[in-house]
Amino acid sequence: MESKRISVHVSSDDLETRLPVLLDSLSSQTIPDWQAVIVDNSVTKSAPPTPPVYVLRNLRPQGLARSMSQAIELASGAEFFVLARPDLIFAPNMLQVLLDEFQKDESLVFAWPSLARATHNPESSDGELLFSDDRILPKRSEDLPASCVMVRTQDIGSLRPDPRRGDDTVIMDFLWKLTQTGAKGRQVEEAIAWLQPGATLASPGFLRYWTWVWTRRAPRS
């Protein structure tokens with residue numbers, strides 16, 4: 001696959017429900033210079049999405065932490081790397097607004113959008129969505145960058161997981177490692193991603209515990 005300027009990496013356990021909504025929002029971006037890498041962590045194998053989307057299929061479920069580590073391992077070629085959960089909807093200008101922030105500040109290493117909620121229109125019979133302007137204010141501030149974050153690929157460096165050591169990670173752990181290096185990061189309020197209807201902003205601490213358990217029970221592919 002031809003390398004694009006921005007590479008969006010997502011781990012998904014279902015390619016047929018929430019993920020297509022996210023990919024539709026990607027296809028509507030005002031900036032066309034992107035590609036997507038999907039780590040397919042499902043059991044049933046559906047038809048792969050159309051280019052510019054690359055799908056890495058696991059032979060068996062690997063758990064969130066392992067599959068997110070695979071997504072980070074695959075970050076190469078593109079100038080910017082985006083880690084995102086699969087139940088988001090990107091505003092049409094989200095990638096462009098984040099990219100503009102990096103262009104204004106060359107010392108910036110990572111940036112993340114604000115989050116809002118999308119709901120089904122109760123008066124519509126065709127699944128029309130309503131997009132709230134109200135920003136989500138989570139109990140834990142780290143929940144926001146742990147949902148979607150853009151990073152300069154050149155700054156991943158030694159933070160890339162080493163599959164020989166089994167240091168599986170989730171987005172929050174990856175960001176924690178970045179901040180420990182003194183990397184500069186900030187939220188970009190004008191960049192918006194919506195949580196799809198029914199999606200919840202689960203605590204990364206809770207996710208880390210259970211993914212630690214399950215990724216060490218399931219053998220890797």
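The values are calculated or read from the model by the stated rules, or taken from the named source; none is laboratory data. No experiment lies behind these values; they were computed from the predicted model shown. With ideal geometry, Cβ positions are generated from the backbone for all residues, glycine too; neighbour counts draw on all protein chains shown.
Listing for the model above:
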read-out: Sole residue being of a type in the set (S, T, N, Q) and under 22 Å from Met172 (Cα atoms), chosen from Ser132, Ser147, Ser125; value: Ser147
read-out: Condition check for Ala91: touching a residue at least 60 places away in the same chain (Cβ under 8 Å) and either closer than 17 Å to Ser28 by Cα or exposed (fewer than 15 other Cβ atoms within 10 Å of the Cβ) (or both); value: yes
read-out: Subset tally (residues that are touching a residue at least 24 places away in the same chain (Cβ under 8 Å) and of a type in the set (Asp, Glu)) for region 94-104; value: 1
read-out: Lone unmet requirement of (1) over 21 Å from Ile31 (Cα atoms); (2) buried (at least 20 other Cβ atoms within 10 Å of the Cβ) for Met150; value: (1)
read-out: Number of the exception - Pro49 against (1) in contact with a helix residue (DSSP H, G or I) (Cβ under 7 Å, 6 or more places away or on another chain); (2) under 21 Å from Ala193 (Cβ atoms); (3) modelled with pLDDT of 70 or more; value: (3)
read-out: Strands (runs of 3 or more DSSP E) wholly inside region 120-221 containing at least 3 residues that are modelled with pLDDT of 90 or more and either at positive phi or in contact with a Leu (Cβ under 7 Å, 6 or more places away or on another chain) (or both); value: 148-152, 184-195
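Here's the yes/no breakdown for (1) farther than 17 Å from Leu26 by Cβ; (2) over 13 Å from the mean Cα position of the chain (by Cα); (3) not small (Gly, Ala, Ser):
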site: Ala71; (1), (2), (3): no, no, no
site: Ala75; (1), (2), (3): no, no, no
site: Phe80; (1), (2), (3): no, no, yes
site: Arg85; (1), (2), (3): no, no, yes
site: Asp100; (1), (2), (3): yes, yes, yes
site: Ala118; (1), (2), (3): no, yes, no
site: Gly127; (1), (2), (3): yes, yes, no
site: Asp133; (1), (2), (3): yes, yes, yes
site: Leu137; (1), (2), (3): yes, yes, yes
